[in-house]
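The values are calculated or read from the model by the stated rules, or taken from the named source; none is laboratory data. Since this is a predicted model, take the numbers as computed values, not measurements. Every residue, glycine among them, receives a Cβ derived from its backbone with ideal geometry; neighbour counts consider all protein chains shown. Heavy atoms of the whole protein, side chains included, go into the accessibility calculation; ligands, DNA and RNA do not. Shrake-Rupley method; radii C 1.70, N 1.55, O 1.52, S 1.80 Å.
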Amino acid sequence: MFSMFGVCIGTFALIVALSAVNGFEAEVTHQMIGKDAHFEVMNYHGEIYDPKLIAKELMSNDKEITAYSPFIIYKVGVSSKRANDGVVVYGIETETAKNVIDLPSKMIVGEFNLDNWEDSSGTVRHSLILGSILSGRLGVSVGDRLVLQTFQSPDEIMGSGPRMMQFIVSGIFETGMYEYDGNLLYVNIESLQKLLGMQGVSGIQFKVKDPWKSEIHVEKARNYLGSPYYATDWKNKNQTLLKWMNYEKFIVAAIVCLIILIAAFNIISSLIMVVVDKTKEIGILRSMGFSEGSIMRVFISMGSFIGVFGSILGGVAGIVLCIIQESTHFIKLPGDVYMMDFFPVQVEVLDVATVFVIGNALCVLATILPAWKASVMKPVRAIRHE
């Protein structure tokens, strides 16, 4: 029973750990793909002045590209009546951006609208949307006013000072990732051009049919456009995090497998004790005609039953816990540490099958030594054993 319980705990822990790694990876990549385009084209020399022309040329050259949208990205200061902060602002086109990023589905208050709005005094102002954590930090909601201002470089300190523009909050989004919800806001691209004094855009965002093959489209864009343009995809922008997640799954699985290995040693010790305790009975069976192979099969069957039954109990318990967590999110996480506010899990059939195979294989291998020890006993000596 104790050996079976050890296998049960090991299988349970391994399935939950692998499901957690899968869930974390899936949630993070989903948020990264939703917030970022599949790949971007930018200019080494600064602004791009003809984004539509470049986008249409690339789409005619690469039929897998499904949509594009120009953008501007910049760091600005933001001020409300209650607080000041530094954030990253994206200037986007409302209509084309809907086809490239998944932001409209993340709105929790207001709407995905960057057109001009009227504030409480009836004045028409530029609108913006921002993350839920940032809105809480600034103490604003839909209809409140914010002031965006550019940061000064050392050359501008003695000049005319930073440029400022008032905006009104039209919506609040929540992606579930702390870094995005606490540091991003979006405005209309024309408004940001006016604030920054720009004529062009920072780059062009593209969406492709298969985001996991984005590096292929990046290479096509680089070869077609050449210098001074360059392209980068969402994988390259987040390569450190993606590599870490791949290594993490292997390391977690290897460490948790030690639990099953310990359970396998429990099986060895328990079966050896059975051999010692049943020495006389083994001798009787041998004298009645049981072959060495038959004796080995008896003990291998005992160990296999322990492994199979323990892995089934642990596997079912782990899968049930993961399903409950996946549907209710009852286990919470601090969002500022883990980039999400719940413990993500995702059960994969291949992982479950691998755990069962490895767990049972270890348990069967653990039976070989005691089974061999039992099979090589001499019948007469075993019967005379006291």
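Would you confirm whether or not the range 46-66 contains a residue that is among the β-branched types (Val, Ile, Thr), under 21 Å from LEU148 (Cα atoms) and assigned to a strand (DSSP E or B)? Among the residues of the range 46-66, not one is among the β-branched types (Val, Ile, Thr), under 21 Å from LEU148 (Cα atoms) and assigned to a strand (DSSP E or B), which makes the answer no.
Residue-wise test of (1) among the hydrophobic types (A, V, I, L, M, F, W, C); (2) over 30 Å from TYR90 (Cα atoms); (3) at pLDDT 80 or above.
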residue	(1), (2), (3)
LYS209	no, no, yes
THR232	no, no, yes
LYS235	no, no, yes
LEU285	yes, yes, yes
SER294	no, yes, yes
VAL308	yes, yes, yes
SER311	no, yes, yes
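Taking each residue of the range 32-57 that is of a type in the set (Asp, Glu) and looking for partners that are in a helix (DSSP H, G or I) with beta-carbon atoms closer than 7 Å, six or more apart or interchain, yields ASP36/TRP234; ASP36/LYS237. Within the range 76-94, the presence of a residue that is of a type in the set (Asp, Glu), under 22 Å from TRP212 (Cβ atoms) and either touching a strand residue (DSSP E or B) at 6+ places or on another chain (Cβ under 9 Å) or crowded, with 19+ Cβ neighbours inside 10 Å (or both) is excluded. For the range 242-253, the condition holds for at least one residue, the condition being that it is within 30 Å of THR367 (Cα to Cα), charged (D, E, K, R) and open to solvent by 30 Å² or more (accessible area, probe 1.4 Å). As a summary of the residue check, LEU185 satisfies the conditions (1) open to solvent by 10 Å² or more (accessible area, probe 1.4 Å); (2) within 21 Å of GLU47 (Cα to Cα) except for the one numbered (1). Here is the figure for the range 313-356: residues that are within 18 Å of THR29 (Cβ to Cβ) and either modelled with pLDDT under 85 or not hydrophobic (A, V, I, L, M, F, W, C) (or both) total 13. State whether one or more residues within the range 188-203 are under 26 Å from the mean Cα position of the chain (by Cα) and not hydroxyl-bearing (Ser, Thr, Tyr). No - not one qualifying residue is present in the range 188-203. The single condition among (1) closer than 26 Å to GLN199 by Cβ; (2) without any contact (Cβ under 8 Å) to a residue 60 or more places away in the chain; (3) open to solvent by less than 10 Å² (accessible area, probe 1.4 Å) that PRO70 does not meet is (2).
For the range 161-220, taking the residues that are of a type in the set (Lys, Arg) and touching an Asp or Glu at 6+ places or on another chain (Cβ under 6 Å), the one that is nearest to PHE151 (Cα to Cα) is identified as LYS220.
Residue check: PHE167 meets all listed conditions (1) at pLDDT 85 or above; (2) surrounded by fewer than 16 Cβ atoms within 10 Å (Cβ to Cβ); (3) farther than 24 Å from ALA37 by Cα but one, namely (2). The residue list SER105, SER135, SER121 contains one member that is modelled with pLDDT under 90, polar (S, T, N, Q) and either in a strand (DSSP E or B) or within 29 Å of the chain's Cα centre (by Cα) (or both), which is SER105.
Which one is surrounded by the fewest Cβ atoms within 10 Å (Cβ to Cβ), of the residues in the range 277-308 that are β-branched (Val, Ile, Thr) and in contact with a Cys (Cβ under 8 Å, 6 or more places away or on another chain)? Per the stated criteria, the residue is VAL308. Scanning the range 4-13 for residues that are modelled with pLDDT under 85 and open to solvent by less than 10 Å² (accessible area, probe 1.4 Å) gives VAL7, GLY10. Residues in the range 344-374 that are out of contact with any Ser or Thr (no Cβ under 8 Å at 6 or more places or on another chain) and crowded, with 19+ Cβ neighbours inside 10 Å were compared, and the one that is farthest from HIS329 (Cα to Cα) is ALA374.
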